[in-house]
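Engineer: The structure that follows is given in the form of structure tokens.
The values are calculated or read from the model by the stated rules, or taken from the named source; none is laboratory data. These figures come from a predicted structure and were not determined experimentally. Using ideal geometry, Cβ is built from the backbone for each residue, glycine included, and neighbour counts are taken over all protein chains shown.
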Amino acid sequence: MKGDQITIKFYRSNPDLIETYGPEFNRLLNKFVGGAKQWNTTSSHGIATINNGQVMVERFEDGPWVEAASILILAITPLLTPLIRAWLNSKKK
């Protein structure tokens, strides 16, 4: 998120193949951004803005960030939970 803009990136495992998202997902994604003509493919595989430019949607292929982040969150949550609880309890006193 930059300033007042939110960026949504959809990771694709096969570079250069928008079709690998699947026809139903592509249809819904096109509908979400206001139609297939909304995609700017000048410097990427597709960036569209919605909500008066406040939300940027990107067909992205630089890595499985959502997958990697979820694995990391699952790994560290049990470690952080006692620390967060202690911090919250100290605020109550």
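Engineer: Does segment 10-44 hold any residues that are at pLDDT below 80 and assigned to a strand (DSSP E or B), and which are they?
Structural biologist: PHE10, TYR11
Engineer: Kindly indicate whether any position in segment 53-72 is at pLDDT 70 or above, surrounded by fewer than 11 Cβ atoms within 10 Å (Cβ to Cβ) and part of a loop (DSSP other than H, G, I, E, B).
Structural biologist: Narrowing segment 53-72 to residues at pLDDT 70 or above: 53-60.
Subset that is surrounded by fewer than 11 Cβ atoms within 10 Å (Cβ to Cβ): 53.
Now drop any that are not part of a loop (DSSP other than H, G, I, E, B), which leaves 53.
Yes; the residues of segment 53-72 include at least one that is at pLDDT 70 or above, surrounded by fewer than 11 Cβ atoms within 10 Å (Cβ to Cβ) and part of a loop (DSSP other than H, G, I, E, B).
Engineer: Continuing with the same structure: Surrounded by 10 or more Cβ atoms within 10 Å (Cβ to Cβ), out of contact with any helix residue (DSSP H, G or I) (no Cβ under 9 Å at 6 or more places or on another chain) and modelled with pLDDT of 70 or more: is that true of THR81 in this structure? Break it down into steps so the answer makes sense when it comes.
Structural biologist: Values: surrounded by 10 or more Cβ atoms within 10 Å (Cβ to Cβ): yes; out of contact with any helix residue (DSSP H, G or I) (no Cβ under 9 Å at 6 or more places or on another chain): yes; modelled with pLDDT of 70 or more: yes.
For THR81, the condition - surrounded by 10 or more Cβ atoms within 10 Å (Cβ to Cβ), out of contact with any helix residue (DSSP H, G or I) (no Cβ under 9 Å at 6 or more places or on another chain) and modelled with pLDDT of 70 or more - is met.
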